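Working notes, structure below.
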């Protein structure tokens, strides 16, 4: 008889269907070739994506199932490994799993599934593949990133940090066309987890940072910006143009607000040779009146770039580990302050209550088991 375990799941397409259920417990040999790594889940972060899936805005169950195990921000410890798994993965080791799995395009086949042009890829906890909000999961080591134990307290932030890392990596790769691009100032729109982690990554690269978000200072998010040497301004009293006039032209702007009209304000003030990175998935139907001629002229004459970014490559997770280590050295304890709300155990009611409350938490997480 197969062993079972507890998990938190939804029935995709059915609003407010989040529930706890017993599911089959995975085994190392679920991954062929003796490469399986069985991971005991320690923590899973909750984000707007999870709430939107529970609201039936999107989300797809794996083939053959009518439910989807939720959760894509993860941290766990290795419980067992197959005989052919790489030796870097050992029982007791701390790991984070990436989210997207390859589809059929040439990009997927060379490990660039985050740039896939087809729709047959899968995403754990989001699209056609079960997530990590369970007692355990099994994975191919190609999709696992090891972390040192010194990052156990903050390691669950690696997935959202990887989103920021990818956006910045793309900006620098694009600007290799300039040969000597040296951005000095950046603006981050939004002071949620991705916005704050983007600000951190920029500051670790020596770039001046202005974070703009709706809520007036002071509050925890604005204090965190100031703690890493950034500046915070509220969009309720300051426009992006005013912030640019005060701080100087922004060479990089990353939007993580989910409010699309701000993108065009940002495009209007982006510095020559600048890069505007769009990281918000906006599923609404907002429209806005924008100065199209002025924006177009600025992009043409200023050699500016606008780029969208979604998901992250394994290399971005690896770079995130390095930035986490640097953050702990330069700003001890800063990462841990982002973890504002703990849910103890796989408690569906507490998770639902968090989704309903929208209480201003920076990062809520489920403490599934001890070890993080």
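The values are calculated or read from the model by the stated rules, or taken from the named source; none is laboratory data. Because the structure is a prediction, the values reported are computed rather than measured. Positions of Cβ are generated from backbone atoms using ideal geometry, with glycine treated the same way; all protein chains shown enter the neighbour counts.
Checked against (1) over 20 Å from residue 323 (Cβ atoms); (2) touching a helix residue (DSSP H, G or I) at 6+ places or on another chain (Cβ under 7 Å); (3) assigned to a helix (DSSP H, G or I), residue 198 meets all criteria but (1). Restricting 298, 229, 284 to those that are part of a loop (DSSP other than H, G, I, E, B), at pLDDT 95 or above and either closer than 16 Å to residue 191 by Cα or in the same structural domain as residue 193 (by TED's automatic domain parsing) (or both) reduces the list to 229. Residues in segment 194-214 that are in contact (Cβ under 8 Å) with a residue 40 or more places away in the chain and either under 23 Å from residue 73 (Cβ atoms) or outside the structural domain of residue 259 (by TED's automatic domain parsing) (or both): 194, 195, 196, 197, 198, 200, 201, 202, 204, 213. The set of residues in segment 167-193 being surrounded by fewer than 23 Cβ atoms within 10 Å (Cβ to Cβ), part of a helix (DSSP H, G or I) and in contact (Cβ under 8 Å) with a residue 40 or more places away in the chain consists of 169, 170, 174, 175, 178. When 355, 264, 317 are checked against the criterion of being in the same structural domain as residue 112 (by TED's automatic domain parsing) and either part of a helix (DSSP H, G or I) or surrounded by 20 or more Cβ atoms within 10 Å (Cβ to Cβ) (or both), a single residue qualifies: 355. Look at (1) in contact with a helix residue (DSSP H, G or I) (Cβ under 9 Å, 6 or more places away or on another chain); (2) closer than 29 Å to residue 258 by Cβ and you find that residue 88 fails only one, number (2).
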